[in-house]
2 protein chains.
Amino acid sequence: MSKNTVNPKNVSDLASLFDALSDPTRILIIHALLEGEVGVGELVEHLGLTKSAVSHQLRGLRDKRIIRTRKQGRNVFVSIDDEHVIDLFQRGLDHILHG
Amino acid sequence: MSKNTVNPKNVSDLASLFDALSDPTRILIIHALLEGEVGVGELVEHLGLTKSAVSHQLRGLRDKRIIRTRKQGRNVFVSIDDEHVIDLFQRGLDHILHG
DNA sequence: CAAATAGTTGAGCAACTATTCAACTATTCG
DNA sequence: CGAATAGTTGAATAGTTGCTCAACTATTTG
């Protein structure tokens, strides 16, 4: 069955999971997605970064299966793919707000 | 009353909180501390890094008030200072282990 | 079809990070 | 006291990261 819960793979996966939430831009992206699906263009406007910067971050989050993207015409819509991450996010936020 | 929950300070604090857990060495340190206080020497041995590397990481974690250190003679003992972080850690671990 | 719009991709770069090394402080022990 | 042990500190460095820029693909619209 499962070996020790902290084999090297688990350690790096866990670090990688938290790493997804370790940057202000990604925090804002995930926050914007908490209420539901959002377009890439909206994210760009909201974040005040270039489309490129946002696209790069979205790719990283998609590679980690934290978000999902859906293309409709020339627009791309983004939503949370990993609901557990919402829970981590909320708990982290609760902690820093009323800690 | 409370401002918007995502003012820039909160965003950067939240990123910083998750950042503390975003590195394999720090994951192993916190994991080692879950059962209680551990000596720096034990950590060094367990991690297979130099005393210096471990000390640098411990300083970072202490600066963020995630761990606390206590000196006894020439030894330094480390323990978790922020119990909320244990909860985040456990939830992250649960997530990568079972689903 | 061409022009416009939405987003992606890869290169390049400045800033940051995790580690090591060497020198240091602090404590114990003979 | 001096030697040994435990840990810290700062500089140097190799590697990573987040962003921008320019060029690209894909889609819609005239």
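For the range B:33-50, which positions are more than 26 Å from residue A:94 (Cβ to Cβ) and in contact with a Leu (Cβ under 9 Å, 6 or more places away or on another chain)? Explain how you work it out, then say what you get.
Step one: list which residues in the range B:33-50 are more than 26 Å from residue A:94 (Cβ to Cβ), which gives B:37-50.
If the condition is that a residue be more than 26 Å from residue A:94 (Cβ to Cβ) and in contact with a Leu (Cβ under 9 Å, 6 or more places away or on another chain), then B:40, B:43, B:46, B:47, B:49 are the ones that fit.
Using beta carbons and a limit of 7 Å, which pairs, at least six apart or on different chains, have the first residue in the range B:74-92 and away from every other protein chain (no Cβ under 14 Å) and open to solvent by 70 Å² or more (accessible area, probe 1.4 Å) and the second one of a type outside the set (Val, Ile, Thr) and within 16 Å of DNA strand C (Cβ to nearest atom)?
Between residues of the range B:74-92 that are away from every other protein chain (no Cβ under 14 Å) and open to solvent by 70 Å² or more (accessible area, probe 1.4 Å) and residues that are of a type outside the set (Val, Ile, Thr) and within 16 Å of DNA strand C (Cβ to nearest atom), the close pairs are B:75/B:39; B:75/B:41.
Condition first: part of a loop (DSSP other than H, G, I, E, B) and of a type in the set (A, V, I, L, M, F, W, C). Now tell me which residues in the range A:1-20 satisfy that. Step through it out loud before you land on a result.
Going residue by residue through the range A:1-20, those that are part of a loop (DSSP other than H, G, I, E, B) are A:1-7, A:20.
Correct list: A:1, A:6, A:20.
Say we look at the range A:21-42 and pick out the residues that are open to solvent by less than 40 Å² (accessible area, probe 1.4 Å), assigned to a loop (DSSP other than H, G, I, E, B) and more than 9 Å from DNA strand D (Cβ to nearest atom); which of these is farthest from the other protein chains (Cβ to nearest Cβ)?
A:36
Take the residues of the range A:43-72 that are more than 11 Å from DNA strand D (Cβ to nearest atom) and open to solvent by 100 Å² or more (accessible area, probe 1.4 Å): which is farthest from residue A:14 (Cα to Cα)?
Step one: of the range A:43-72, the residues more than 11 Å from DNA strand D (Cβ to nearest atom) are A:43, A:45-46, A:62-70.
Filter again for open to solvent by 100 Å² or more (accessible area, probe 1.4 Å), leaving A:45-46, A:63, A:65, A:68.
On the way: A:45: 31, A:46: 29, A:63: 15, A:65: 14, A:68: 20 Å.
It comes out as A:45.
Only residues that are modelled with pLDDT of 95 or more and open to solvent by 70 Å² or more (accessible area, probe 1.4 Å): list them for the range B:1-20, please.
If the condition is that a residue be modelled with pLDDT of 95 or more and open to solvent by 70 Å² or more (accessible area, probe 1.4 Å), then no residue fits.
Is there a residue being under 23 Å from residue B:88 (Cα atoms), away from DNA strand C (no atom under 16 Å from the Cβ) and assigned to a loop (DSSP other than H, G, I, E, B) anywhere in the range A:62-79? Step through it out loud before you land on a result.
Looking only at the range A:62-79, we keep the residues that are under 23 Å from residue B:88 (Cα atoms), and these are A:62-67, A:79.
Remaining after also requiring away from DNA strand C (no atom under 16 Å from the Cβ): none.
Scanning the range A:62-79, I find no residue that is under 23 Å from residue B:88 (Cα atoms), away from DNA strand C (no atom under 16 Å from the Cβ) and assigned to a loop (DSSP other than H, G, I, E, B), so the answer is no.
Looking at the range A:80-99 only, could you name the residues that are of a type outside the set (D, E, K, R) and in a helix (DSSP H, G or I)? Break it down stepwise before answering.
Within the range A:80-99, the first condition is being of a type outside the set (D, E, K, R), and the residues that meet it are A:80, A:84-86, A:88-90, A:92-93, A:95-99.
Those that are of a type outside the set (D, E, K, R) and in a helix (DSSP H, G or I): A:84, A:85, A:86, A:88, A:89, A:90, A:92, A:93, A:95, A:96, A:97.
The values are calculated or read from the model by the stated rules, or taken from the named source; none is laboratory data. Remember, it's a predicted structure, so these values are computed and weren't measured experimentally. A quick note on method: Cβ atoms are made from the backbone with ideal geometry, for glycine too, and the neighbour counts reach across all protein chains shown. Note: accessible area is taken over every heavy atom of the protein model, side chains too, but ligands, DNA and RNA are not part of it. Shrake-Rupley method; radii C 1.70, N 1.55, O 1.52, S 1.80 Å.
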